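Scroll down for the structure; my scribbles are underneath it.
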Amino acid sequence: MARIVLTGNLQLHTEGVSELELDVNTIRQLMRQLTTRYPGLPADFEDEVAVSIDGTIYQDDWFAEIGPDSEVHLLPKIGGG
């Protein structure tokens, strides 16, 4: 199972949980499992985070693969222009 690390204010919506292990294959599956497990997550939660899989950051790439031994960090998205 992948190790998931929640950063920033996400812990406010996950009952204080900052790390967990989930059996997921893509970022889309990860987001679905998190919103099912923690219904208190904001409605725009998926649009407000970037996902780091084994050190590579993905933004809006819902089908990026997550391996069974991956370390995944959910980070606040950084805007810029």
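What follows draws every value from the coordinates through simple rules; no lab data is involved. Keep in mind that what you see is a predicted model, and the values were worked out from it rather than measured. Every residue, glycine as well, gets a Cβ built from its backbone with ideal geometry; the counts of neighbours run over all protein chains shown.
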Checklist entry - For the range 39-51, how many residues meet the condition of being buried (at least 16 other Cβ atoms within 10 Å of the Cβ), touching a His at 6+ places or on another chain (Cβ under 6 Å) and not aliphatic (A, V, I, L, M)? => result 0
Item to check | Scan of the range 7-34 for residues that are over 18 Å from A64 (Cα atoms) and either in a helix (DSSP H, G or I) or of a type in the set (A, V, I, L, M) (or both), ordered by number | outcome: G8, N9, L10, Q11, L12, H13, V17, L20
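Please work out if T7 is among the hydroxyl-bearing types (S, T, Y), within 10 Å of the chain's Cα centre (by Cα) and at negative phi.
Details: among the hydroxyl-bearing types (S, T, Y): yes; within 10 Å of the chain's Cα centre (by Cα): yes; at negative phi: yes.
When the stated conditions are applied, T7 passes them.
Hey, can you tell me all the residues within the range 30-74 that are in contact (Cβ under 8 Å) with a residue 60 or more places away in the chain, more than 15 Å from T14 (Cβ to Cβ) and in contact with a helix residue (DSSP H, G or I) (Cβ under 7 Å, 6 or more places away or on another chain)? It would help to see each step written out before you state the result.
Taking the range 30-74 first, the residues in contact (Cβ under 8 Å) with a residue 60 or more places away in the chain are 66-74.
With the extra rule that they be more than 15 Å from T14 (Cβ to Cβ), the set shrinks to 66-71.
Matches in the range 30-74: I66 only.
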Checklist entry - Which residues, counting only those in the range 10-25, are loosely packed, with under 15 Cβ neighbours inside 10 Å and of a type in the set (S, T, Y)? => result S18
